[in-house]
1. Among 224, 285, 327, which residue has its Cα furthest toward the positive end of the charge dipole of region 214-329, with +1 on Lys/Arg Cβ and -1 on Asp/Glu Cβ?
2. If contacts are Cα pairs under 8 angstrom and at least 6 residues apart, what is the relative contact order of the chain in percent?
3. Summing +1 for each Lys or Arg and -1 for each Asp or Glu, what net charge is found among the other residues whose Cβ lies under 15 Å from the Cβ of residue 20?
4. Check the straight Cα-Cα distances from residue 312 and name the lysines below 24 Å, setting aside those fewer than 8 residues away within the same chain.
5. About the Cα centre, and with charges only on the beta carbon of Lys, Arg (+1) and Asp, Glu (-1), how big is the dipole of region 171-224? Nearest 20 debye, please.
6. Using the Cα centre of the chain as origin and beta-carbon charges of +1 (Lys, Arg) and -1 (Asp, Glu), tell me which of 154, 10, 266 is placed farthest towards the positive end of the dipole.
7. Taking square-rooted eigenvalues a ≥ b ≥ c of the alpha carbon gyration tensor, is region 245-322 rounded, prolate or oblate, where a/c under 1.5 means rounded and, failing that, a/b exceeding b/c means prolate?
8. With a cut-off of 8 Å between alpha carbons and a minimum separation of six or more residues, what is the relative contact order of region 1-142 in percent?
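Please treat every number below as a calculation from the coordinates, not as lab data. Every value quoted in this text rests on a predicted model; they were computed, and no experiment measured them. When we count neighbours, we look across all protein chains shown, and the Cβ atoms used for this are built from the backbone with ideal geometry, even at glycine.
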Amino acid sequence: MGAAACGSESIVRKPFGKTPEGQAVELYCLTNRNGMQASIMTYGGIVVSLTAPDRDGRYADVVLGFDRLEDYLAGHPYFGALIGRYGNRIAKGRFTLDGTPYTLAVNDGENHLHGGIRGFDKAVWQARGAIEKTGLEVALAYASADGEEGYPGNLAVKVVYTLTDSNELKIEYSATTDKPTPVNLTNHSYFNLAGQDSGDILGHELAIAADRFTPVDKGLIPSGELRPVAGTPFDFRQPTAIGARIEQADEQLQFGGGYDHNFVLNRRQEGALELAASVYEPKSGRLMEVFTTEPGIQFYSGNFLDGTNVGKGGKVYNRRNGLCLETQHFPDSPNKPAFPAVILRPGREYSTTTVYRFSAQ
Ligand code: BGC
């Protein structure tokens, strides 16, 4: 049975297999009043499927992933997963905090990526489903131990997914710690608004509310510069097809093999929930708008997808068959004092919100 087959109730919880260590994994299937469905599993807090209506009201699954837990356990490029303790890269897995040097697990060349070898995407989260006035909710909790992947402090993490009747998937992240530590949580869903089995995303029209982006080196570590997008293939201030400039001779596009960059969001008010990006798929008419309280967003055009992942319904995911818009603090911030701060201290609460809203035109 496909993961998207959820039944008719509002929240259905069902077993989804076991990890090699014998931990039971569950799948929460949420169905809102319009018939939109989200299924989220306790392994990695992964969004396994998410449906959205086209302009004729037909729902399709718009996220890449697998039908079975085994395929996720076998390894994959973070499909739908919660990412932590630190989303994206930390150069050489090293940083110094309050004078103390820390060494993190290195899992991407010489760098630390998405929380390390066993990041939050591979944890089994505690879950609770509830029907709230605001929508259908799955609250996930994970206790990240002091020293996990090299990070200091016991971090208590909570992520609440809410599917609303306005066809939004809202994600609220919060965390507290008992020692200062960097924290940068996100979700790594790969979207294809034509449907997860529809080929490349080059015809999707993307807009990002960013006048600047953070250029990177060959290892995809930001140089520290905030570079204007004007006059570059990174100017998405007006909706532009992703494929329109992706093959241009541009050093930054070469380093990423396409787009794999953090954009510095234009903000009216720091920390407010504001529109960061939108993606429109002209054939289906599906539109996704991304709102966030975060200062940055990683636009990744699925450049490293290479046909090795056989996804839902047997679909082989090839290069650029999905795109990610990961709301975040900037990569390598623990080593970039000029970037917005990412250190959570005891007594303070980390709290961010991101909303993916779906409609059709
Ligand atoms: C990174 C990419 C990486 C991808 C999958 C993105 O967030 O920026 O470089 O390949 O995640 O791991």
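1. 285
2. Reported relative contact order: 18 percent.
3. Summing Lys/Arg as +1 and Asp/Glu as -1 gives +1.
4. Correct list for residue 312: 14, 18, 122, 170, 283.
5. That gives a dipole near 260 debye.
6. 10
7. Values: a/c = 2.15, a/b = 1.42, b/c = 1.52.
It comes out oblate by the Cα gyration axes.
8. Result for region 1-142 is 20 percent.
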